[in-house]
Amino acid sequence: MPTRSARIGVLCSLLSPVKTFADVGCDHGYCTEYMLQNGLCERATVTDISADCLAKARALLQKYIARGVCMPLCTDGLRGVDPETDLVLIAGMGGMEIAHILTGEGGFVPKKFVLQPMRDAPALRQLLLSYGARIERDFTFRDGKFYDVIAGSRTGGTPPYSEAELVFGRENLRKRGEDFLSFLRAEIKKKEALLSRPLQERVRAGIEAEKRYLEEALSGEID
Ligand SMILES: C[S@@+](CC[C@H](N)C(=O)[O-])C[C@H]1O[C@@H](n2cnc3c(N)ncnc32)[C@H](O)[C@@H]1O
């Protein structure tokens, strides 16, 4: 089934067949539509902190809601979501916000998760590892902009990440996919643009160090 955008397509490709699914911060609800339309879950919960955003999912998923197989819930994060939900998607929010949802009131590390932080992926990786979660997928992809996605499960643990794996994502450093390499090149260009301006020496040295780190990742010198 064609998905609504390349980003949504990547998220959907990581969603496995389950009994119960939750889409936290669902907004439009496209991923839940994909799950239900394709018979990939028996029941879905769609949540959003904003009633207006949730209204979009309600409209899209009307027939499933009427059948009682989709439950809309206006709530903050995972509050009110069954902690035994088989698979939870949290996408399109900051990594710190996602971390707060997982660890704050009503939060839990889901049995299976697909998380797509818009920033601060390293902090989210760190948090998942510290909770003993198993990270199975962790890569950067491109849909106009660059996105990180982290998928895995509540238990099973993950062999310790190196510092570079925390920063860039394990799969990126191991597989060196084209989108990740393009991301590094784009970040290096941003650093070069900054360095072409007049800067205090201390600031310049910091940016140069960041650029070197990116260059080392690009050349495969760090892992
Ligand atoms: C950019 S949209 C992403 C929508 C969709 N998940 C996606 O990836 O395309 C972010 C959504 O998260 C919702 N949101 C932000 N913080 C939230 C929270 N703490 N709990 C539930 N929803 C939240 C916003 O209202 C918004 O609808």
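The values are calculated or read from the model by the stated rules, or taken from the named source; none is laboratory data. Treat the numbers as computed from the prediction; the structure is a model and nothing was measured. Cβ atoms come from the backbone with ideal geometry, glycine included; neighbour counts cover every protein chain shown.
A few comments on the model shown:
- Among the residues of segment 207-223, just one is exposed (fewer than 12 other Cβ atoms within 10 Å of the Cβ), in a helix (DSSP H, G or I) and not hydrophobic (A, V, I, L, M, F, W, C), namely 219.
- For segment 66-112, filtered to residues that are within 11 Å of the ligand (Cβ to nearest atom) and among the β-branched types (Val, Ile, Thr), the residue that is nearest to the chain's Cα centre (by Cα) is 90.
- Given (1) more than 27 Å from residue 82 (Cα to Cα); (2) in the same structural domain as residue 89 (by TED's automatic domain parsing); (3) among the aromatic types (Phe, Trp, Tyr), number of the condition residue 108 does not satisfy: (1)
- Conditions (1) farther than 26 Å from residue 6 by Cα; (2) part of a loop (DSSP other than H, G, I, E, B); number of the one not met by residue 204: (2)
- Of the residues making up segment 15-49, those that are in a loop (DSSP other than H, G, I, E, B) and either buried (at least 21 other Cβ atoms within 10 Å of the Cβ) or within 11 Å of the ligand (Cβ to nearest atom) (or both) are 15, 25, 26, 27, 28, 29, 41, 49.
- Of 80, 106, all but one fail to be at pLDDT 95 or above, in contact with a Lys or Arg (Cβ under 7 Å, 6 or more places away or on another chain) and not in a strand (DSSP E or B); the exception is 106.
- Residue list for segment 127-159, filter: of a type in the set (Asp, Glu) and surrounded by fewer than 22 Cβ atoms within 10 Å (Cβ to Cβ): 136, 143
- Which listed residue is more than 18 Å from residue 119 (Cα to Cα) and more than 13 Å from the chain's Cα centre (by Cα), from 178, 171: 178
- For first residues located in segment 74-103 and closer than 18 Å to residue 32 by Cβ, partners that are basic (Lys, Arg) and not in a strand (DSSP E or B) and lie 6+ apart or on another chain with Cβ distances below 6 Å form the pairs 86/19; 86/111.
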